[in-house]
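The values are calculated or read from the model by the stated rules, or taken from the named source; none is laboratory data. Remember, it's a predicted structure, so these values are computed and weren't measured experimentally. Positions of Cβ are generated from backbone atoms using ideal geometry, with glycine treated the same way; all protein chains shown enter the neighbour counts. SASA here: full protein model, heavy atoms, side chains in, ligands and nucleic acids out. Shrake-Rupley method; radii C 1.70, N 1.55, O 1.52, S 1.80 Å.
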Amino acid sequence: MLRVYYGNMPGAIFNTSVYFKNAYEDSWITDPVAKEMILDIDKSTVLGSAVIDSPVLGKIAPTSLSGGVKTLILMRNEREKVFNASTCGDNCAKWILKLAEDEDLTINLRHLMNFGNKAFDICILNTNQIVHSMKELVPIAGLYV
């Protein structure tokens, strides 16, 4: 289940880009799910652990990926940590929900992310409420962001 804490969360990793630069491993980039996320979000193709082909930037290093993709990769590989998911755009929401399908995932949000029109299960940690739609989520999240 996805667990979300809205607002300033002590212990959450706020600057995911700096954390990624110093923590990522080559195997994270060549992981099939990471490749799929990179293609979907950044429209880029992983050529190897150190080279990604971006249609906008050309050949880039993993550290040049978007903040959203880097944060998703961190969420996938360092489950014991809580990351600032406000570095992600709404185009990452489906991936966040997908990452939380098989294993609990806790994230910090400092904005109202649109998780779409489909039903979902999100536990809002600020109130310990479980919501199943944006209609249920917005009034609660709005109290904290």
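Observations
- The chain, helix-only ellipticity at 222 nm - DSSP H runs n ≥ 4, -39,500 (n - 2.57), divided by all residues, nearest 500: -9500 deg cm²/dmol
- Sorting 118, 81 by accessible area puts them as 118, 81; the probe is 1.4 Å, largest comes first, and only protein heavy atoms count.
- Label-point gap, in nm, between residue 57 and residue 39 - each point 7 angstrom along Cα→Cβ: 2.0 nm
- Accessible surface of the range 37-145 [probe 1.4 Å, protein heavy atoms]: carbon and sulfur percent: 51 percent
- Note on residue 3: accessible area approximately 90 square angstrom, rounded to 10, probe 1.4 Å, nucleic acids and ligands left out.
- Diagonalising the gyration tensor over the Cα atoms of the range 43-145 and scaling each eigenvalue by 5 before taking the square root yields semi-axes of 29, 14, 12 Å, largest first.
- Once both labels are positioned 7 Å from their Cα atoms along Cα-to-Cβ, the gap between residue 127 and residue 27 label points is 4.2 nm.
- Each residue was assigned an accessible area with a 1.4 Å probe, and for residue 92 the value is about 0 Å².
- For GluC sites (Glu not before Pro), the sites in the range 1-102 that DSSP calls loop and that have at most 13 other Cβ atoms within 10 Å are 25, 80, 101.
- The chain - charge dipole about Cα centre, Lys and Arg +1 at Cβ, Asp and Glu -1, debye rounded to 20: 380 debye
- For residue 33, net neighbour charge (Lys/Arg +1, Asp/Glu -1) across residues whose Cβ lies under 10 Å away: +1
- For residue 21, the lysines whose Cα comes closer than 22 Å to its Cα, not counting residues fewer than 8 places off in the same chain, are 35, 43, 59, 70, 81.
- Label point distance in nm, residue 47-residue 102, each placed 7 Å from Cα along Cα→Cβ: 3.0 nm
- Cα lying deepest toward the dipole's positive end in the chain, options 12, 95, 34, charges on Cβ: 12
- Average accessible area per residue (Å²) across the chain - probe 1.4 Å, nucleic acids and ligands excluded: 51 Å²
- Förster-model FRET efficiency, 30 Å R0, residue 8 and residue 136, C-beta, rounded to 0.05: 0.85
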